[in-house]
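Single-structure report; data block below.
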Amino acid sequence: MKIVLKGLIDKLFNSNSNQPKTETKTISQSEIEALVDAKLKEHTATMQATVTTEQALPPKEESNENYKLTPKQIEYALSLIEKVKNEFELAIDPTKLTIKDLNRLIAHQRYKNKGTLVNLVKKGVLKRK
């Protein structure tokens, strides 16, 4: 019993002195500035490489939602525009309507969301009366 207590007391008092000391290395201001400058140069080089590769690529084709409408779709779009004719009117030629425009008109009809019509006004498809 005495040995157990002595062992515990030794552990309590000696545990603090036996811990390995961790040394912290201080970094000078000049080292920090050098690291930041190196990272900035690396980032700038990466950005320039990205820009040159984007310029080298051919222009992207029209996305799926920018295709022109078929005659039947144009007729349907005009019927949807007719339903909001008291506030809005078509500002472009009906043949220049796209799938995206039609989808917005359908969303307005289905959900009565005025934001879709505002988006069409911003795009120049519709205009307010």
Next item on the list: Before rounding to the nearest 500, sum -39500 (n - 2.57) across all DSSP H runs of length at least 4 in the chain and divide by the residue total; then give [θ] at 222 nm in deg cm²/dmol.
Entry: -21000 deg cm²/dmol
Notebook entry, point to check: To the nearest 0.05, what FRET efficiency results for Ser79 and Lys112 with a Förster distance of 22 Å applied to their C-beta separation?
Noted result: 0.85
Check: Which of the lysines could be linked to Lys68 by a straight reach, that is with a Cα gap under 28 Å, when you skip same-chain ones fewer than 8 residues away?
Finding: Lys60, Lys83, Lys85, Lys96, Lys100, Lys112, Lys114, Lys122, Lys123, Lys127, Lys129
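Taking 2.2 N^0.38 Å as the expected size of a compact globular protein, what ratio does the Cα radius of gyration of the range 64-128 give against it, to two decimals?
Numbers: Rg = 10.5 Å, N = 65, 2.2 N^0.38 = 10.7 Å.
So the Cα radius of gyration is 0.97 times the expected 2.2 N^0.38 Å.
Values in this text are rule-based calculations from the coordinates and carry no lab data. Keep in mind that this is a model prediction, so the values were computed, not measured. Ideal geometry is used to build each Cβ from the backbone, glycine not excepted, and the neighbour counts take in all protein chains shown.
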